[in-house]
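A.B. asks: Questions regarding the structure given below will be posed in turn.
The values are calculated or read from the model by the stated rules, or taken from the named source; none is laboratory data. On a predicted model such as this, the values are computed, not experimentally measured, just so you know. Cβ: placed from backbone, ideal geometry, glycine included. Neighbour counts: every protein chain shown.
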């Protein structure tokens with residue numbers, strides 16, 4: 001598996017009214033990596049993911065996906081390439097977990113057709129992997145927050161795409177389920193050749209799982225590259241304005257970040 | 001911890017429900033047509049209907065000479081209009097609830113009915129005849145769509161629409177519009193009785209023309225709803241998920257909202273304001289066939305027809321004096337609305 005370029009973004013801008021969420025941003029991402037997207041609240045991470053998933057159209061600039069302008073792809077084609085797991089979601093109607101997962105197969109099922117045995121098989125596999133098979137016939141409205149988030153994550157996995165975008169997708173989960181899910185996607189990157197781009201708040205989880213990091217601030221990229229090159233005390237100060245200590249942790253097997261109280 | 005029950009509305013049970021509802025609708029139509037001041041047996045009703053369709057005089061041999069007239073020219077138009085309006089209001093309810101992600105939405109609670117009524121009142125006040133029989137429905141449609149966008153604009157903050165704001169905005173806009181309608185009644189001299197009579201909501205004195213207009217629009221609306229049923233399901237995951245699944249959320253939303261407003265407008269222009277049908281039916285049907293719109297849309301269409309036709313038959317044939325149908329549905333639907341509202345509040349607290 002060669003590490004080809006999967007996303008090439010040039011001079012990208014997107015603003016909500018007068019607020020610039022993404023400001024003249026250029027970024028290239030290679031495929032087959034676990035990319036971590038880090039930066040303070042409101043730095044444009046979610047907007048950037050939305051632009052990559054084509055949920056939003058940039059006001060300026062161009063996004064190339066696998067060398068072609070992303071606008072040239074059909075919507076069903078893109079939906080078979082890129083899945084997005086949002087941060088928050090409210091399903092107000094009592095759909096069963098199985099129905100939600102089958103919605104993930106939407107790009108593969110023609111209108112008015114029933115799901116094929118392939119579709120059902122993928123859904124079964126995903127439920128097995130995420131340990132939600134026991135909720136299969138339960139209504140999503142009666143699950144706990146963490147369970148719901150696993151279902152939403154499973155929905156995206158059922159979409160069976162080579163690229164998965166995670167927007168703080170583990171924010172409602174306890175640490176065990178967080179590790180479960182990050183293990184699954186990291187495994188898909190290593191053995192399945194998937195590309196994962198995850199916006200994360202937890203620097204240490206990012207350092208543990210991601211092999212590449214992108215630091216963003218005010219809609220621009222501050223630094224990007226291999227984890228061990230860009231995860232430094234200087235960059236953390238520049239991006240977040242905090243003092244920290246970056247060290248290699250033997251137990252984790254990667255760099256970690258430590259903080260301390262600033263007022264005694 | 002509680003035991004998770006196995007419960008599921010499988011496609012097979014969904015199909016069985018649809019067949020059951022379809023059968024019930026036919027039965028209710030025949031029964032309702034037979035009921036009234038003159039009782040006509042179900043057999044005679046069926047024979048008269050087939051006579052009306054085929055023109056074969058042999059079918060009505062031996063039946064009271066007045067009956068074919070009563071069934072074909074008086075009762076059937078009313079019965080069918082009531083059924084089609086019930087279908088339309090329920091469809092609009094399914095769409096408004098699904099698109100606005102709000103189980104409390106329906107044409108009445110969102111103020112769309114009031115908007116349509118306002119538009120129609122203006123058409124009646126100005127006595128616009130240039131557009132023929134379509135002038136009232138067209139003005140109602142314009143009023144409905146304008147109200148829809150006003151309510152949505154009022155409840156949007158920071159690009160997102162909050163569910164509760166939506167209902168509040170609907171009530172505010174509906175209050176303004178009812179004041180507007182009262183004003184129109186005040187300034188209307190000769191037209192006032194027409195407007196008042198029409199606003200009360202009634203299926204009395206409906207003709208085959210009413211049946212035809214209502215049916216064609218509701219049918220077109222139904223086809224659009226079925227076509228977008230799957231997209232409507234996915235819209236409930238939220239815009240970001242929907243668009244990453246290859247759906248254009250804005251286009252789907254506008255198409256379906258305008259469709260639902262069109263259906264509401266034609267229903268209101270033919271029968272006045274009838275509340276809560278679009279609220280109750282989708283709820284009951286979600287209980288029966290599940291949330292999947294591909295089953296929910298046809299089930300609600302059938303059940304809405306059954307409910308409104310039954311309600312109309314009760315006011316027409318069973319009660320000693322005919323009360324406006326809108327009053328009856330509000331009396332049944334209002335408490336139901338309270339129940340859902342309360343249940344949602346407790347769900348939010350415990351979840």
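A.B. asks: Looking at residue B:246 and the list (1) without any contact (Cβ under 8 Å) to a residue 24 or more places away in the chain; (2) part of a helix (DSSP H, G or I); (3) within 10 Å of another protein chain (Cβ to nearest Cβ); (4) surrounded by fewer than 24 Cβ atoms within 10 Å (Cβ to Cβ), which single condition is not satisfied?
C.D. replies: Looking at each condition in turn, residue B:246 falls short on (2).
A.B. asks: Residues that are at negative phi and away from chain B (no Cβ under 14 Å): find the strands (runs of 3 or more DSSP E) completely inside the range A:125-218 holding 1 or more of those.
C.D. replies: Values: elements: A:163-167, A:195-199, A:212-217.
It comes to A:195-199, A:212-217.
A.B. asks: With in contact (Cβ under 8 Å) with a residue 60 or more places away in the chain, away from chain A (no Cβ under 14 Å), farther than 26 Å from residue A:137 by Cα and in a loop (DSSP other than H, G, I, E, B) as the only criterion, which of B:195, B:273, B:184 stands out?
C.D. replies: Only one candidate qualifies: B:273.
A.B. asks: In the range A:101-111, what residues are assigned to a loop (DSSP other than H, G, I, E, B), more than 8 Å from every other protein chain (Cβ to nearest Cβ) and either touching a residue at least 24 places away in the same chain (Cβ under 8 Å) or over 15 Å from residue B:234 (Cβ atoms) (or both)?
C.D. replies: Selection gives A:105 alone.
A.B. asks: Residues being within 20 Å of residue A:57 (Cβ to Cβ) and more than 7 Å from every other protein chain (Cβ to nearest Cβ): count how many of those fall in the range B:221-238.
C.D. replies: Selection size over the range B:221-238: 2.
A.B. asks: Now for a separate question. Quick one: which of B:291, B:310 is more than 13 Å from the chain's Cα centre (by Cα) and not in a helix (DSSP H, G or I)?
C.D. replies: Step by step, each of B:291, B:310 is checked, and only B:291 is more than 13 Å from the chain's Cα centre (by Cα) and not in a helix (DSSP H, G or I).
A.B. asks: Here's another thing I want to ask about it. Can you pull out the residues in the range B:99-145 that are within 14 Å of chain A (Cβ to nearest Cβ) and assigned to a helix (DSSP H, G or I)?
C.D. replies: Correct list: B:99 only.
A.B. asks: Oh, and also: Identify, by number, the condition in (1) at pLDDT 90 or above; (2) within 15 Å of residue B:117 (Cα to Cα) that residue B:215 doesn't meet.
C.D. replies: Going through (1) at pLDDT 90 or above; (2) within 15 Å of residue B:117 (Cα to Cα) one by one, residue B:215 breaks only (2).
A.B. asks: Is the range A:76-93 home to any residue that is assigned to a loop (DSSP other than H, G, I, E, B), without any contact (Cβ under 8 Å) to a residue 40 or more places away in the chain and in contact with a strand residue (DSSP E or B) (Cβ under 6 Å, 6 or more places away or on another chain)?
C.D. replies: Looking for residues that are assigned to a loop (DSSP other than H, G, I, E, B), without any contact (Cβ under 8 Å) to a residue 40 or more places away in the chain and in contact with a strand residue (DSSP E or B) (Cβ under 6 Å, 6 or more places away or on another chain), one finds none in the range A:76-93, hence no.
A.B. asks: I want to confirm something. Restricting to the range A:74-100 and keeping residues that are more than 7 Å from chain B (Cβ to nearest Cβ) and more than 21 Å from the chain's Cα centre (by Cα), which single residue is nearest to residue A:48 (Cα to Cα)?
C.D. replies: If we take residues in the range A:74-100 being more than 7 Å from chain B (Cβ to nearest Cβ) and more than 21 Å from the chain's Cα centre (by Cα), then A:74 is nearest to residue A:48 (Cα to Cα).
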